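First comes the structure, then the notes that go with it.
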Amino acid sequence: MVFHDQSEDIQPSISKLNQELSYLHLDNLCIHTGPIIRKEEIYEEMEIDERRRIFNKMVALIRQINIKYKCFTTKPNI
């Protein structure tokens, strides 16, 4: 989950990310870092350099804007 102060417009940063992904021919991409790292789903045919570019663009966005995020997981049954 991602939270941010709604009074701070992050749309220009999101638009910039989408434009940069468009340069990589990745229009309307919903970025999921797990599949990028594990070379799964739409990323399975991509080389490491391509996946790294996507990952780095997402990290740059997160560093650029004022957001907070929280990851949730379930405890595995042992």
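The values are calculated or read from the model by the stated rules, or taken from the named source; none is laboratory data. Predicted model, so just to flag it, every value in this text is computed and none were measured. With ideal geometry, Cβ positions are generated from the backbone for all residues, glycine too; neighbour counts draw on all protein chains shown.
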Inter-residue pairs, beta-carbon under 8 Å, first closer than 15 Å to MET58 by Cβ and in the stretch 25-43, second exposed (fewer than 13 other Cβ atoms within 10 Å of the Cβ) and not aliphatic (A, V, I, L, M), 6+ apart: HIS32/GLU41; GLY34/GLU40; PRO35/GLU41
Answer residue from the stretch 1-53, given it is polar (S, T, N, Q) and surrounded by 12 or more Cβ atoms within 10 Å (Cβ to Cβ) and is nearest to the chain's Cα centre (by Cα) among those: THR33
Matching residues, the stretch 54-78, being loosely packed, with under 12 Cβ neighbours inside 10 Å and part of a loop (DSSP other than H, G, I, E, B): ASN66, LYS70, CYS71, PHE72, THR73, THR74, LYS75, PRO76, ASN77, ILE78
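Just the residues that are within 28 Å of PHE72 (Cβ to Cβ) and at pLDDT below 90, please, taken from the stretch 22-42. Steps first, please.
Pass one, the stretch 22-42, residues within 28 Å of PHE72 (Cβ to Cβ): 26, 28-42.
LEU26, ASN28, LEU29, CYS30, ILE31, HIS32, THR33, GLY34, GLU41, ILE42 - these are the residues of the stretch 22-42 that are within 28 Å of PHE72 (Cβ to Cβ) and at pLDDT below 90.
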